[in-house]
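Read the structure below first, then the notes.
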Amino acid sequence: MEKLQKNNTTQKKVFVSGCYDLLHSGHVAFFKEASQFGDLYVGIGSDKTIEDLKGRHTINSEQERLYMVKSVRHVTDAFINSGNGIMDFEQELKDLEPDYFVVNEDGYSPAKKKMCAELGIELKVLERIPDAGLPARSTTAIRSSDNCTLPYRIDLAGTWIDQPYVSKYHPGWAITLSLEPIIEYNERCGMSTSTRNAAKKIWPYTLPLEKPERLAEILFKFENDPGSELISGAQDAIGICMPGLVRHYYDAAYWPKQFESVNDEEILNWLEDHLYMVLLWPRRNGLDLLKETYINTDNVKRLATASEQAWSAIMQKDLPAFAKAFRDSFQAQTSMFPAMISEEINQVIESYKSQALAWKLAGAGGGGYLILLSEEPIKGAMRIKVRRKETGI
């Protein structure tokens, strides 16, 4: 992009950034609301950036998306961001020098907040509210209407115990929660996207109406070919294929010996009311989580005990007890695998300690999404939608 000229008028400048593939009324409503703060400038992610972050090609090319966004009457100007990754707009933000950077809740990240603070830009977080008389719209929902509706998953406790080199020291449960794809979660961010991509090769659009445990076993075996050097844990396949809240018991084997599922509406609603997610950044390429480990009986027993306590607290809807077990499980994980966490991640966690009761990273860590447990809504954090059991299954 050519360096933008500083606006000499008194009108404020507003910046937003995103993919804007399959332009829809939700995008226009967002542009309309953002433009109320001043002249609106839109940064658009390049085709390569979106492929790297989302693991898919865009429906419309960057030039088509640029043409459509520029045609929206609320937009003063638009351009393709020159960078890559989640912060692909960094140079454009410095050149434009806007007064406001506006995001939706699923577009908020601590990194954006930090950058805005450093540049003296006010960050505004908007709720997704459709314009009067129009239905709520999202690109994910539109794509799902005739495309892939496969779930994602988050792990609540016991992460890593699905690996035999961990559970051989002490058996225990992993707890997973299956999520509806209400947003398109980023690749390499702890949302089991690699296993979900493997599932797309078997079931391109949706899961079959079969026994979920059987589907999970099929997916696990499909993803882990005989002779694979690294085995993806079974919790990923289970969390995708088995709806609701599930715990699975491991004892020195890749496949669990026992399952327990919960699809009680009160419990699932309670979890939705208290779990939030914040976008960090994708786990960097080349990060070796196994380079330095402290896997021993004491640490694995702590992991297993925390998972037991988390399950018991969830069944009783005891938020303080769940928070303690949630933190204990994460501490046990990071004690065994210190590369899961970094000083940068610790700084983000520290910034939420006044709002959240507990926290953990989604998946194996190193970045991705920060999962927060809170009694009250957390501004700027995303809500989740638990996938319910299909009738008759």
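The values are calculated or read from the model by the stated rules, or taken from the named source; none is laboratory data. Being a predicted model, the structure only gives us computed values, none of them experimental. FYI the Cβ positions are ideal-geometry reconstructions off the backbone, even for glycines, and counts take in every protein chain you see.
Candidates are the residues of the range 243-257 that are closer than 20 Å to I231 by Cα and of a type outside the set (F, W, Y); the one that is surrounded by the fewest Cβ atoms within 10 Å (Cβ to Cβ) is K257. Just one of the listed residues (E187, E210, E229) is more than 17 Å from I384 (Cα to Cα), of a type outside the set (S, T, Y), touching a helix residue (DSSP H, G or I) at 6+ places or on another chain (Cβ under 6 Å) and assigned to a loop (DSSP other than H, G, I, E, B), and it is E187. Taken over the range 270-286, the residue count meeting the criterion of being buried (at least 17 other Cβ atoms within 10 Å of the Cβ) and outside any strand (DSSP E or B) is 6.
Counting only residues that are basic (K, R) and under 22 Å from G83 (Cβ atoms), how many does the range 19-37 have?
Residues meeting the conditions: 0.
Of the residues that sit in the range 114-131 and are more than 17 Å from A34 (Cβ to Cβ) and out of contact with any Asp or Glu (no Cβ under 9 Å at 6 or more places or on another chain), which one is surrounded by the most Cβ atoms within 10 Å (Cβ to Cβ)? Applying the filter and picking the extreme gives K114. Within the range 253-269, residues that are in the same structural domain as A313 (by TED's automatic domain parsing) and outside any strand (DSSP E or B) reach partners that are among the β-branched types (V, I, T) and buried (at least 17 other Cβ atoms within 10 Å of the Cβ) with beta carbons closer than 7 Å, at six or more positions or on different chains, in the pairs I267/I314; L268/V386.
Scan the helices (runs of 4 or more DSSP H) fully inside the range 1-101 and keep the ones with 1 or more residues being of a type in the set (F, W, Y) and touching a residue at least 40 places away in the same chain (Cβ under 8 Å). Before the answer, list the steps.
Values: elements: 25-35, 47-54, 62-71, 90-96.
Helices (runs of 4 or more DSSP H) meeting the threshold: 25-35.
Tell me yes or no: at least one residue of the range 173-181 is in contact (Cβ under 8 Å) with a residue 60 or more places away in the chain, surrounded by 14 or more Cβ atoms within 10 Å (Cβ to Cβ), closer than 14 Å to T149 by Cα and touching a Ser or Thr at 6+ places or on another chain (Cβ under 6 Å). The answer is no, given that none of the residues of the range 173-181 is in contact (Cβ under 8 Å) with a residue 60 or more places away in the chain, surrounded by 14 or more Cβ atoms within 10 Å (Cβ to Cβ), closer than 14 Å to T149 by Cα and touching a Ser or Thr at 6+ places or on another chain (Cβ under 6 Å). Would a scan of the range 22-42 turn up a residue that is outside the structural domain of K201 (by TED's automatic domain parsing), more than 30 Å from R284 (Cβ to Cβ), among the polar types (S, T, N, Q) and out of contact with any Leu (no Cβ under 7 Å at 6 or more places or on another chain)? The answer is yes; a qualifying residue exists. Checking the range 226-233 against the condition returns a match, with at least one residue being closer than 18 Å to A304 by Cα and buried (at least 22 other Cβ atoms within 10 Å of the Cβ).
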